[in-house]
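One structure is given below, encoded as structure tokens.
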Amino acid sequence: MRRRSSPQPQKKPVKSKRINHDIVASRVQVITEEGENLGILSLTEAIAQAEEAGMDIVEMGEKEGIVITKMMDYGKYLFREQKKISINKVNSKQAEVKTIKLTYRM
């Protein structure tokens with residue numbers, strides 16, 4: 001007879017954002033790391049400005065058909081996100097399991 005294997009827990013997919021040439025839009029709205037709005041630019045112009053500043057263009061979302069991007073250092077961004085996750089894991093309270101032993105003798 002064949003044994004049934006227990007279902008394996010599904011790993012949560014890592015949320016990755018599209019950066020630089022992975023963005024599939026011809027025109028994007030660019031926001032700098034400081035929060036300054038550079039307006040709507042073509043993707044090649046936005047990537048050129050980001051490379052000039054030594055940063056990446058990261059897709060943050062979409063509003064009214066226009067892709068909103070932010071100019072930032074993507075490596076630092078990933079590091080900060082992983083650090084937030086690890087701090088949240090440390091600060092979360094673990095559930096305590098209490099056990100009771102029952103026997104037929106009293």
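Of note:
- Across all Cα pairs in region 17-66, the calculated P(r) in 10 Å bins from zero up to the longest distance comes to 26, 65, 9 percent per bin.
- For the peptides 79-91, 31-43, 47-59, residues were scored by their other Cβ atoms within 10 Å and the scores averaged per peptide; the highest-first order is 47-59, 31-43, 79-91.
- Under the convention that each Lys and Arg Cβ holds +1 and each Asp and Glu Cβ holds -1, the size of the dipole of region 17-66 around its Cα centre is about 220 debye.
- Mean Cα-pair separation over length for region 17-66, i.e. relative contact order, pairs under 8 Å, 6 or more apart, %: 41
- Exposure proxy ranking for THR44, THR103, based on other Cβ atoms within 10 angstrom of each Cβ and starting from the fewest, stands as THR103, THR44.
- Taking Lys and Arg as +1 and Asp and Glu as -1, the other residues whose beta-carbon sits under 12 Å from that of THR69 total -1.
- Whether region 37-93 is rounded, prolate or oblate, judged on the alpha carbon gyration tensor where a/c under 1.5 counts as rounded: oblate
- Derived scalar couplings between HN and Hα for region 83-100 equal 5, 4, 4, 5, 5, 5, 5, 5, 7, 6, 7, 7, 6, 8, 9, 9, 10, 10 Hz in order, rounded to whole Hz, by the Karplus curve 6.51 cos²θ - 1.76 cosθ + 1.60 (θ = phi - 60°), x for Gly and Pro.
- Cα coordinate range in region 10-106, projected on the principal axes (Å, largest first): 81, 25, 20
No lab work stands behind these numbers, since they all come straight from the coordinates. Only a predicted model underlies this, so the values are computations on that prediction, with no experimental measurement involved. Cβ: placed from backbone, ideal geometry, glycine included. Neighbour counts: every protein chain shown.
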